[in-house]
Amino acid sequence: MKLQPTELHPLVQEYLHELHVLRQLSPHTLKAYRTDLTELQLFAADDSIELLKVGNAQVRRWASRWHAQGKSSRTIARGLSAWRGWYDWLTEKEARRDAQVGRAQVKLSANPVDDVKAPKRLKSLPKALSVEQALALVSQAVHEAKEKKDLESVRDAAIVDLLYSSGLRLSELLGIDVMQSKDRQHESAGWLDWDAAEVTVLGKGGKRRSVPVGAPAMSSLQVWRDLRDSAEYAQQSPALFISATGSRLPPRTVQARLRTLAMRAGLPTHVHPHMMRHSFASHVLQSSQDLRAVQEMLGHASIASTQIYTSLDFQHLAQAYDKAHPRAKAGKG
């Protein structure tokens, strides 16, 4: 007859009692131990193996069974830890020769859970917008810029277009100057080459890189530059993106403006600047299949950091792309 979850092995009950009395574990932790040890008991019963005769091969098979059932790596690791702890406790009891089941001494040659590890946790995928969502956000920003024609709206359109066009980090974007300069007072961290349609930024580790800027984004940037240069306070800062007071734009302003734009565009998700970077990487990689080029544009030191984007599934949106970038067609014709 197979064991039921309530019929805990006497040694399991003793172990749980010690965890409660001596180690004073919380009720929540004790419940987790009880659940995991009950599953061990049921696995052994299903395979007609005595708990004290379980071997390493059986433990590996049961861990694989957990994995096949869809349990997370964290849950499997917790379960194996509970099993390992119980068998360690049994080994110590055997060494002291004071553990008995009925009149038979416990005989355990080795901990069967030793060297059994849970599957590696999969890296969580970065959150990215779909192509339709990204285009809707850019379109919303450009539409508001054309309708309102005020400093904030025109600036926001340039920011959103550049973020999606070139995959910049927020710090890189805010470090861009209208043009490169270097003197005693100031040295540009980043700048735009307006003729070459290229942006140079200072990335992580103090490494500079240059990234192309698409024609639509360059158009938005030129509209913004014209409006910026006409402002009386424009000369107060070399920064490309400035506030209404003429100072370099702070990160919080970009984050807040992007969140509001996304809401007005009807996007069902919280949008932040780094999500635009993820979207850029995912969409360009899906279109071009050029992992090295995307790595270079993102400024990743290791290609392993870029490879995570290969796991993002946008195949059902492939027809929305135009080779290297979804916005490429907008600059043609």
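Could you tell me whether any residue of the range 241-249 is in a helix (DSSP H, G or I) and either among the hydrophobic types (A, V, I, L, M, F, W, C) or out of contact with any Gly (no Cβ under 8 Å at 6 or more places or on another chain) (or both)?
There is no residue in the range 241-249 that is in a helix (DSSP H, G or I) and either among the hydrophobic types (A, V, I, L, M, F, W, C) or out of contact with any Gly (no Cβ under 8 Å at 6 or more places or on another chain) (or both).
Assess whether Arg23 counts as being under 38 Å from the mean Cα position of the chain (by Cα) and in a helix (DSSP H, G or I).
no
Just checking, does the range 215-231 include any residue being assigned by TED's automatic domain parsing to the domain that holds Arg259 and either part of a strand (DSSP E or B) or within 15 Å of Arg277 (Cβ to Cβ) (or both)?
Yes, because at least one residue in the range 215-231 is assigned by TED's automatic domain parsing to the domain that holds Arg259 and either part of a strand (DSSP E or B) or within 15 Å of Arg277 (Cβ to Cβ) (or both).
Mind checking which residues of the range 49-87 are of a type in the set (A, V, I, L, M, F, W, C), surrounded by fewer than 18 Cβ atoms within 10 Å (Cβ to Cβ) and not in a helix (DSSP H, G or I)?
Within the range 49-87, just Ile49 meets the criteria.
Against the condition exposed (fewer than 13 other Cβ atoms within 10 Å of the Cβ) and touching a residue at least 40 places away in the same chain (Cβ under 8 Å), how does Asp46 come out, does it pass?
yes
Out of everything in the range 111-129 that is closer than 24 Å to Pro216 by Cβ and crowded, with 18+ Cβ neighbours inside 10 Å, what residue ends up being modelled with the lowest pLDDT?
Only one residue fits best here, namely Ala128.
Take Lys31 and decide whether it is in a loop (DSSP other than H, G, I, E, B) and of a type outside the set (Ser, Thr, Tyr).
Answer is no for this residue.
Return yes when Glu92 is in a helix (DSSP H, G or I), of a type in the set (Asp, Glu), at pLDDT below 90 and out of contact with any Cys (no Cβ under 8 Å at 6 or more places or on another chain) and no when it is not.
Yes; evaluated as a whole, the condition is true for this residue.
Give Arg292, Arg252, Arg248, Arg259 a once-over and let me know the one that is exposed (fewer than 14 other Cβ atoms within 10 Å of the Cβ), assigned by TED's automatic domain parsing to the domain that holds Pro212 and under 25 Å from Leu151 (Cβ atoms).
Unique residue meeting the criteria: Arg252.
Does any residue of the range 149-164 turn out to be in the same structural domain as Gln222 (by TED's automatic domain parsing) and in a loop (DSSP other than H, G, I, E, B)?
Yes; the residues of the range 149-164 include at least one that is in the same structural domain as Gln222 (by TED's automatic domain parsing) and in a loop (DSSP other than H, G, I, E, B).
Quick check on my filter: what residues within the range 159-197 are of a type in the set (Lys, Arg) and over 18 Å from Met297 (Cα atoms)?
Lys182, Arg184
Taking Arg155 and the conditions (1) in contact with a strand residue (DSSP E or B) (Cβ under 9 Å, 6 or more places away or on another chain); (2) modelled with pLDDT under 90, which numbered condition does it fall short on, given that it satisfies the others?
Condition not satisfied by Arg155: (2).
Being modelled with pLDDT of 90 or more and of a type outside the set (D, E, K, R) is the requirement here; does Gln222 meet it?
So Gln222 fits the description; yes.
Looking only at the range 230-263, which residues are charged (D, E, K, R) and touching a residue at least 24 places away in the same chain (Cβ under 8 Å)?
Listed by number, the residues that qualify are Arg248, Arg257.
The values are calculated or read from the model by the stated rules, or taken from the named source; none is laboratory data. Please read these numbers as outputs of a predicted model, since none were measured by experiment. FYI the Cβ positions are ideal-geometry reconstructions off the backbone, even for glycines, and counts take in every protein chain you see.
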